[in-house]
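Bear in mind these aren't lab numbers, they're just calculated from the coordinates by the rules spelled out. Just so it is clear, the structure is predicted and the values come from calculations on it, not from any experiment. Ideal geometry is used to build each Cβ from the backbone, glycine not excepted, and the neighbour counts take in all protein chains shown.
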Amino acid sequence: MGRIVVIQGHPETRAGLLRALADSYIEGAREAGHEVEVIDVTRLDFPLLRDKAAWSAAADGDVAQAQAAVAAAQHVAVFFPLWLGTLPALLKAFFEQLLRPGFAIGEGTGLNPFKPLLKGRSARLIVTMGMPALMFRLVYLAHGVKSFERNALNFVGIRPVRTTLIGSVDSMDDAGRARWHAQMRGLGRAAR
C-alpha cells in the first residue's frame, strides 16, 4: 500500500464541508491500507517569506516536518476552498515555505536552471467553491487552480495532478453531500 499526505488547506478551523470531505478521503485511504499523514495548515507555525534569502534558506520546525512527510509520500491530496479564484493566502504561504530550493527544486543544467526534485509523486486537488464548478471551468478557465498545478506542483516534479472541483456548496443538499463523501472515500481508497 502507499503513503499519502493529506494537506488540509482551509484557513478556518471550524468543522465544515471541506474538512468533512477530507475526513472521508482519509477514512477511505486507511480502509484500503494506505498510510496517511495529515498536515493541517492552520495548526502550523511559520512566517511569511519576504525575500529570496529567506526562501533559499533551509526550512525548520513545522515546515521541515511537512517536507519530511511529502518526501516520504507517493501521493499528496490538497483540500482547499476557492478564494478570489485561487488558493487562500495561508495555503499559498505554506506552499512557498514547503517548495523551497534544496527540497523541491535543485540546480539544473543547460537552458533550464531548475531541476524538479519531487518526481515520482502524484497529487489530487479537491477544491470547493460557491459558484457552479462548470462556470469556474468554462468562464474562468479554472485559472487559479491550473496555475497552482502548473507553476508549483508540476514545476517541482509532482505529476500527474488531478483536480476535483466541487461547486455550489452553499446550496448543496444532503444527498449531494453524501455523493461527494462517497466519492472522496473512493478516491482515498485508490490513492488518487
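A few remarks follow.
- At R0 = 22 Å, FRET efficiency that the Cβ-Cβ distance of residue 56 and residue 150 yields, to 0.05: 0.50
- 5 angstrom amide H check on residue 7, placed H, neighbours 5+ away: 39, 77, 78, 79
- Helix 61-72 vs. the chain, principal-axis angle (Cα, 0 to 90°, nearest 10): 80 degrees
- Converting phi to 3J(HN,Hα) with the Karplus coefficients 6.51, -1.76 and 1.60 and the offset θ = phi - 60°, region 170-186 yields 5, 10, 6, 8, 4, 5, x, 4, 4, 5, 5, 4, 5, 5, 5, 4, x Hz in sequence order, with x at every glycine or proline.
- Each Cα pair under 8 Å and six or more residues apart adds its separation to the average, and for region 82-166 the resulting relative contact order is 38 percent.
- Helix 89-98 axis, angle to the chain major axis (alpha carbon atoms, nearest 10°): 40 degrees
- Couplings 3J(HN,Hα) for region 24-33, derived from phi with the Karplus relation 6.51 cos²θ - 1.76 cosθ + 1.60 (θ = phi - 60°), are 5, 4, 4, 4, x, 5, 5, 4, 7, x Hz, where x marks Gly and Pro.
- Over the chain, Cα pairs under 8 Å with separation of 6+ residues give a relative contact order of 29 percent.
- Straight-line cross-link partners of residue 52 among the lysines, defined as a Cα under 22 Å from its Cα and at least 8 positions apart when in the same chain: 92, 115.
- Cα→Cβ-extended label distance, 7 Å offset, between residue 14 and residue 137, nm: 3.1 nm
- Shape call, region 1-43: gyration tensor on alpha carbons, a/c limit 1.5: oblate
- For residue 114, the residues whose modelled amide H falls within less than 5 Å of its own, excluding neighbours fewer than 5 places apart on the same chain, are 108.
- At q = 0.12, 0.13, 0.18 Å⁻¹, base-10 log of I(q)/I(0) for the chain (Debye sum, equal scatterers on each alpha carbon): -0.58, -0.68, -1.30
- Cα shape, region 1-93, gyration tensor, a/c 1.5 rule: oblate
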